[in-house]
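Note sheet for the following structure.
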Amino acid sequence: MICLRCGYCCVHYAVIIVDDPKLGIEPGNLKEKCTGDRCPHLTGDVCGEYGCAIHDKPWYDETPCYEFGQIENSPTDPCRMGVHITKNEEQAMSEKKKRGWVFTDDDTDEEIGFAEPDEYRDADDAVDRFGRNWGGNDFSIYFRDSNGDLCACGDDSRPEDFD
């Protein structure tokens, strides 16, 4: 199976790992990595671009990680889980970069709403109309430009101000 470097296995699977890579596979140098804990050997922070700090060690092929695999048709098939995760991650990233009005909760900074650029006349109209339906905590409004950057809005900011 070809690993697509999505990072899922290195976070979600319980497995025995080498504690100190300098010592290799030695008695007393193995420990349990629990489900949900990020493997300390996982490098990077971008789905599809993760790496492993111990893959190039001469003893790596003796580790449980090396032995891990799904039932694929051949060793040259991509990991099915990785195909699914990387595809969903790419879709989520493209959605996040979509141009338009973005509303965030002031307490959590989480995105709580999105609207197409032409849905509101200007930021004041967006705050007024979105606010009537929100009913939650205070919120802030931004405009995501065509580069995917969030831009602060003034009351009379219009979509064309961010092109």
Practice task
May I ask you to verify whether T35 is farther than 23 Å from E89 by Cα, modelled with pLDDT under 90 and assigned by TED's automatic domain parsing to the domain that holds C79?
Solution key: no
Exercise for the section: Could you tell me whether the stretch 70-81 includes any residue that is without any contact (Cβ under 8 Å) to a residue 24 or more places away in the chain, hydrophobic (A, V, I, L, M, F, W, C) and closer than 16 Å to C3 by Cα? Expected result: yes
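Please state which one of D124, D118, D128 is assigned to a helix (DSSP H, G or I), at pLDDT 85 or above and within 20 Å of N147 (Cα to Cα).
Values: D124 fails: within 20 Å of N147 (Cα to Cα); D128 fails: within 20 Å of N147 (Cα to Cα).
Within the list D124, D118, D128, the selection yields D118.
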Completion exercise
Going through the stretch 1-32 in order, the residues found to be in a strand (DSSP E or B) and assigned by TED's automatic domain parsing to the domain that holds Y60 are V15, I16, I17, V18, L30, K31, E32
Exercise for the section: Name the one entry in P40, P58, P75 that is of a type outside the set (S, T, N, Q), at pLDDT below 85 and part of a loop (DSSP other than H, G, I, E, B). Expected result: P75
Completion exercise
Selection over the stretch 8-32 where residues are in contact with a Leu (Cβ under 9 Å, 6 or more places away or on another chain) and either at pLDDT below 85 or hydrophobic (A, V, I, L, M, F, W, C) (or both) yields a count of 5
Exercise for the section: Return the pairs, sorted by first residue and then second, in which the second residue is assigned to a helix (DSSP H, G or I) and crowded, with 17+ Cβ neighbours inside 10 Å, the first residue lies in the stretch 126-145 and is in the same structural domain as W101 (by TED's automatic domain parsing) and among the acidic types (D, E), the beta carbons are less than 8 Å apart, and the residues are 6+ apart or on different chains. Expected result: D145/F162
Handout entry: E67 being without any contact (Cβ under 8 Å) to a residue 12 or more places away in the chain, closer than 30 Å to S157 by Cα and exposed (fewer than 15 other Cβ atoms within 10 Å of the Cβ)
Key = no
Practice task
Say whether the condition of being more than 23 Å from the chain's Cα centre (by Cα) and of a type in the set (F, W, Y) is met by at least one residue in the stretch 134-157.
Solution key: yes
Exercise for the section: Within the stretch 43-55, track down each residue that is part of a loop (DSSP other than H, G, I, E, B) and either among the hydroxyl-bearing types (S, T, Y) or over 16 Å from the mean Cα position of the chain (by Cα) (or both). Expected result: Y50, A53, I54, H55
Practice task
Just name the residue that is nearest to the chain's Cα centre (by Cα) out of those in the stretch 1-32 that are among the basic types (K, R) and closer than 27 Å to M81 by Cα.
Solution key: R5
Practice task
Would you check if I85 is part of a strand (DSSP E or B) and farther than 30 Å from E160 by Cβ?
Solution key: no
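The values are calculated or read from the model by the stated rules, or taken from the named source; none is laboratory data. On a predicted model such as this, the values are computed, not experimentally measured, just so you know. Heads up, the Cβs are rebuilt from the backbone with ideal geometry, glycines too, and the neighbour counts pull from every protein chain shown.
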